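Novice: This is the structure I want to talk about, given as structure tokens.
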Amino acid sequence: MPRIGSTSVTEKGVDSVSADPRNVIIIGSGPAGYTAAVYAARANLAPLVFEGSVTAGGALMNTTDVENFPGFREGIQGPQLMDEMRAQAERFGAELVSDDVVSVELEGDLKTVRTEDGTFTARTVILSMGSGYRKLGIPEEDRLSGHGVSWCATCDGFFFREQHIAVVGGGDSAIEEATFLSRFGSRVTIVHRRDELRASKIMQERAFADPKIEFAWNSEVASLEGDDKLTGVVLRDTVTGELRTLDATGLFIAIGHDPRSELVKGQVELDDDGYVLVSHPSTHTNIEGVYASGDLVDHHYRQAITAAGSGCAAALDAERHLAALDHAASIAGSAAQTAAEDAAEQSAPRVSV
């Protein structure tokens, strides 16, 4: 399939815009976006990737050691893993722009993607905007991220062996995180604003039956203690307002995720929580030529490796769609040429000898 479209790319964005449509535009980065870029670039589709001005690399840019991504026996730093994926996509010809997409028009044969700097068109679009962890909104939260504060028990639980761990939340996700973390920590305290959990009954029963799990009812996190790493969690009683300090050295925040789907709301079908709906096992959305991958569609696993896998699938789906379009166009072209030749032959004067 031909490489079409050409763009001059700088670190800040696009200097000049090609008038030609692209084969593929990928919106978002992280494991899903970069993997889609690798596969699309190796298929000679010359993908254009809008990484995001602030969110380039996705959630792994805010993590430290990643020990559960295959291929790295000693583990790898989250930002380093994303940098390697990015470089791999670039090696095969993907064009990467650290800019935000501000609007899209996804219906029709050509999709339109707009940034602050320009307007782009493509025959297919892959959505990989991911999701964001909901934060507590306290000043120390970002500073201690990766230094005692985490949003992913599967990613970071191993680093808190024999430590006191606090988990914030009261739904199924929080209880699942706490149950998982009890394998590693000496004890786990679930911090919840109310006096009863919102989690399903079976999840509650598991937590109540776990001897390592304790509960801080009617409590919210007021602040965090520690300079280079977390040393304590200050709780506020939601009834009396009284403050107390929990001697936890690990804090896992499990109050939900928000998919970054605002850009496509009203065009692509979403579920009640805002995640993009796809026709499993494919990555097809309700719009032909538009595919979605990663945490934008997955609120069940939310792992780097599953996001990368769906990015691969999205690129393969886009490639097959483009191949089908080119094949149909080729057949139509051949049929038109044959019809023209037949018409010319019939209209040519006949000479008797």
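Novice: What accessible area, in Å² to the nearest ten, does a 1.4 Å probe give for L243?
Specialist: Solvent-accessible area, nearest 10 Å²: 100 Å².
Novice: Let me ask you something else. Take every DSSP beta bridge whose two residues both sit in the chain, then give the antiparallel share in percent to the nearest 5.
Specialist: On the way: 27 of 58 bridges.
Roughly 45 percent of the beta bridges in the chain run antiparallel, per DSSP.
Novice: While we're on this one: Please state the relative contact order of the chain as a whole percent: Cα pairs under 8 Å, 6+ residues apart?
Specialist: Relative contact order comes out at 18 percent.
Novice: Mind grabbing the base-10 log of I(q)/I(0) for region 236-287 at q = 0.18, 0.28, 0.31 Å⁻¹? Debye formula, identical points on the C-alpha positions, no solvent, two decimal places.
Specialist: -0.70, -1.13, -1.18
Novice: Run the numbers on region 222-277 and let me know its relative contact order in percent, using alpha-carbon pairs under 8 Å that are six or more apart.
Specialist: 21 percent
Novice: Something else about it: In the chain, how many lysine pairs have Cα atoms under 28 Å apart, counting only pairs 8 or more places apart or on different chains?
Specialist: 9
Novice: Looking only at Cα atoms, what is the convex hull volume of region 145-275 per residue, in Å³?
Specialist: Residue-normalised Cα hull volume stands at 132 Å³.
Novice: Please give me the summed charge of the neighbours of G137: other residues whose Cβ is under 14 Å from its Cβ, Lys and Arg +1, Asp and Glu -1.
Specialist: Values: positive: R134, K135, R143, R193, R236; negative: E140, E141, D142, E220, D258.
Net charge around G137: 0.
Novice: Counting only residues 5 or more places away or on other chains, whose amide H sits under 5 Å from the amide H of H257 once H atoms are built in the peptide plane?
Specialist: Close amide H contacts, sequence-distant or interchain: R134.
Novice: Same structure, new question: Cα gyration tensor of region 39-191, axes a ≥ b ≥ c as square roots of the eigenvalues: rounded (a/c below 1.5), prolate (a/b > b/c) or oblate?
Specialist: Prolate shape, in that a/c is at least 1.5 and a/b is the bigger ratio.
Novice: Follow-up. For each cysteine in the chain, check whether another cysteine's C-beta sits under 4.7 Å from its C-beta; list those where none does.
Specialist: Taking the Cβ cut-off of 4.7 Å, the unpaired cysteines of the chain are C312.
Novice: Report, in debye and to the nearest 20, how large the dipole of the chain comes out about its Cα centre when Lys and Arg carry +1 and Asp and Glu carry -1 on their Cβ.
Specialist: With Lys and Arg at +1 and Asp and Glu at -1, about 460 debye.
Novice: Residues of the chain: accessible area per residue at 1.4 Å, in Å²?
Specialist: Counting only protein heavy atoms, the per-residue value for the chain is 51 Å².
Novice: Another question about this same structure. Pop out the carbon and sulfur fraction of the accessible area of region 170-285 as a percent, whole number, probe 1.4 Å. Can you show the working numbers first?
Specialist: Numbers: 2820 of 6260 Å².
Answer for region 170-285 is 45 percent, counting heavy atoms of protein chains only.
Novice: Could you work out the helix-only [θ] at 222 nm for the chain, with each DSSP H run of four or more residues adding -39,500 (n - 2.57) and the total divided by the number of residues, to the nearest 500 deg cm²/dmol?
Specialist: That calculation yields -9000 deg cm²/dmol at 222 nm.
Novice: Please list, in order along region 277-287, the HN-Hα scalar couplings obtained from phi with the Karplus expression 6.51 cos²θ - 1.76 cosθ + 1.60 (θ = phi - 60°), rounded to whole Hz, x for Gly and Pro.
Specialist: Result, ordered by residue: 8, 10, 8, 4, x, 7, 10, 5, 8, 6, 9 Hz.
Novice: Going from the alpha-carbon gyration tensor of the chain, what semi-axes, largest first and in whole Å, does one get by taking the root of 5 times each eigenvalue?
Specialist: Those come to 51, 20, 17 Å.
Novice: Further question on the same structure: Note down the relative contact order for region 183-323 as a percent, whole number, built from C-alpha pairs under 8 angstrom at least six residues apart.
Specialist: Numbers: 184 pairs, mean separation 17.8, N = 141.
That works out to 13 percent.
Novice: Here is a further query. Grab the beta carbon distance between D237 and T154, set R0 = 35 Å, and tell me the FRET efficiency rounded to 0.05.
Specialist: The formula returns an efficiency of 0.70 here.
The values are calculated or read from the model by the stated rules, or taken from the named source; none is laboratory data. Keep in mind that this is a model prediction, so the values were computed, not measured. Note that each Cβ is placed from the backbone with ideal geometry, even for glycine, and that neighbours are counted across all protein chains shown. Calculation scope for accessible area: heavy atoms of the full protein, side chains included, ligands and nucleic acids excluded. Shrake-Rupley method; radii C 1.70, N 1.55, O 1.52, S 1.80 Å.
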